[in-house]
1. Could you list, in sequence order, all residues of the range 219-238 that are in contact with a Lys or Arg (Cβ under 9 Å, 6 or more places away or on another chain) and either crowded, with 21+ Cβ neighbours inside 10 Å or under 23 Å from Ile87 (Cα atoms) (or both)?
2. Would you point out the residue of the range 28-55, among those that are outside any loop (DSSP other than H, G, I, E, B) and free of Cβ contacts under 8 Å to residues at least 60 places away in the same chain, that is least open to solvent (accessible area, probe 1.4 Å)?
3. Only one of these conditions is not met by Ser254: (1) over 13 Å from Leu344 (Cα atoms); (2) open to solvent by 10 Å² or more (accessible area, probe 1.4 Å); (3) of a type outside the set (Asp, Glu); (4) under 21 Å from the mean Cα position of the chain (by Cα). Which number is it?
4. Just for the range 69-111: of the residues that are of a type outside the set (Val, Ile, Thr) and touching a helix residue (DSSP H, G or I) at 6+ places or on another chain (Cβ under 7 Å), which one is nearest to Asp128 (Cα to Cα)?
5. Read through the list (1) more than 24 Å from Gln393 (Cα to Cα); (2) surrounded by fewer than 17 Cβ atoms within 10 Å (Cβ to Cβ), then give the number of the only condition that Met120 fails.
6. Pick from Lys95, Lys106: which is modelled with pLDDT of 90 or more and among the charged types (D, E, K, R)?
7. Can you spot a residue in the range 15-26 that is of a type outside the set (S, T, N, Q) and modelled with pLDDT of 90 or more?
8. Looking only at the range 239-251, filter to residues that are assigned to a strand (DSSP E or B) and within 24 Å of the chain's Cα centre (by Cα); which one of those is surrounded by the fewest Cβ atoms within 10 Å (Cβ to Cβ)?
Amino acid sequence: MALQNAQVVALQLEKVRPKLPVLYERDDTFFSLIQKRDVERVSTRTARIPLQVQPGGSFGYASFDGGDLGRGSGTAYDYAQITPVGIRMGIEITKLVEYATDARDKAIENAAKRNVADAMKQFRHDLDASLQTAGNGVFGEVTGVNTGTNTLTLADAPFGARLLRENQNVQVYDPTLTTNRGTCTINAVFKGLGQTQSIVVSSVPSGTAANDVLVVDGVSGAQPTFIYGIPYHHNTSTSGNWMGISRSNPYAVSNGVNANNAALTLPPIRLAFNQIRQSIGIDSLGNLLWHGHPAQVAAYEELGFVISEIEKGGANQDLELLFKNKTMGGVRIKENVHADTTRLDLINLETWGRVEWLPIDFYEIGGATVFPVYGASGGLAASYLFYLATGVQFFVDNPRAVSSITSLALPAGY
């Protein structure tokens, strides 16, 4: 009888492909844009950002033939106040993982070392996601609850499940951000374009209902404060406060165009530019870029589909119908898959900055950055922890120098 393959399987070598693709998204688009902008090192005390808010001087006609010149006034100033918030990310690895992958003849990657690099990239991703929120750490809104499958369905806008990821802890708050219903861990995320936005969690906190919101892990109490993101600074509201200044003051209110759930058209784009020009001067637009989700960039491209004309003056020219190099009004577009799908923001990079008492770094005690875990016995467990940490907050020093188009309708398929 012939020797068969089943009889020699024990002799065969197992082949493991040496490439390790990443099967999830971890962009840090907006954070990378402003990471190296204006940075102020501060203590834990509230930092002040001085602002020149009103002109001075009494201008008018005068008779210099003995006439009364009147009294005068001077330039007025105010200041915004900002305090960094502490942010951390913990990574835990067992010793067996380290032992089993610490050489090339054991594994294609050293899992412990790779986790150090992966943690930094993921930390930047999570900061970018946080910068899309309005200062309260709300990452999504619940529209449906299935306790049988531990599934939470989320509102498509503004974020759906796009700011969330597997292995992320989130807290469920009531719609008023007053009651904390509890914490859960996300086991699966469904956030594809045109897909029902949902997450599967470890367990649904008691009382979770439609209109509840998912809030970043770690904050506590009513009306929590987290990172001041784009919607916090690019805000046309005249109520509440902006970095300690009442929004009843015009200089604390951003420019903005409300599209009223209509599809993107050209007039709001032009108006957003002209709002800035009217507010701070026609030659003061600064270092601008459009920041938006690919959904609204697609809406802009579709405006051009019906009016485009292609002229090819020579041979061997590529046909590019999807506007590879995109600008709006001469301003470049930066697409971000974390962005609110219903808005476009006219970012002025010269106005954005941050204060920090700790730049992104490894948490350290006495020179140690790796910490043991203790078992139930009180002895050491065969695993260890390390943390990434930062103390940071983000500011805009001139809301009149930015604008946005909000409440935009989504194009088909998004």
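1. Ile230, Pro231, His234, Asn235
2. Keep residues of the range 28-55 that are outside any loop (DSSP other than H, G, I, E, B), which gives 29-34, 38-41, 47-54.
Checking which are free of Cβ contacts under 8 Å to residues at least 60 places away in the same chain leaves us with 48, 50, 52.
Numbers: Arg48: 156, Pro50: 109, Gln52: 140 Å².
Across the range 28-55, the extreme among qualifying residues is Pro50.
3. Result: Ser254 fails condition (2) only.
4. Going residue by residue through the range 69-111, those that are of a type outside the set (Val, Ile, Thr) are 69-74, 76-81, 84, 86, 88-90, 92, 95-96, 98-100, 102-107, 109-111.
The next check asks that each one be touching a helix residue (DSSP H, G or I) at 6+ places or on another chain (Cβ under 7 Å); those that pass are 89, 98, 106-107, 111.
Values: Met89: 14, Glu98: 30, Lys106: 35, Ala107: 32, Ala111: 25 Å.
Among residues in the range 69-111 that are of a type outside the set (Val, Ile, Thr) and touching a helix residue (DSSP H, G or I) at 6+ places or on another chain (Cβ under 7 Å), the one nearest to Asp128 (Cα to Cα) is Met89.
5. (1)
6. Working: Lys106 fails: modelled with pLDDT of 90 or more.
It is Lys95.
7. Of the range 15-26, the ones of a type outside the set (S, T, N, Q) are 15-26.
Okay, now just the ones that are also modelled with pLDDT of 90 or more, so 26.
Within the range 15-26, one or more residues are of a type outside the set (S, T, N, Q) and modelled with pLDDT of 90 or more.
8. Within the range 239-251, the first condition is being assigned to a strand (DSSP E or B), and the residues that meet it are 241-242, 245-246.
Still in the running and within 24 Å of the chain's Cα centre (by Cα): 241-242, 245.
On the way: Asn241: 13, Trp242: 22, Ile245: 19.
The qualifying residue surrounded by the fewest Cβ atoms within 10 Å (Cβ to Cβ) is Asn241.
The values are calculated or read from the model by the stated rules, or taken from the named source; none is laboratory data. Model, not experiment: these values are computed from the prediction. Quick reminder, even Gly has a Cβ in these numbers, built from the backbone with ideal geometry, and neighbours come from all protein chains shown. Just the protein is used for accessible areas: all its heavy atoms, side chains included, with ligands, DNA and RNA removed. Shrake-Rupley method; radii C 1.70, N 1.55, O 1.52, S 1.80 Å.
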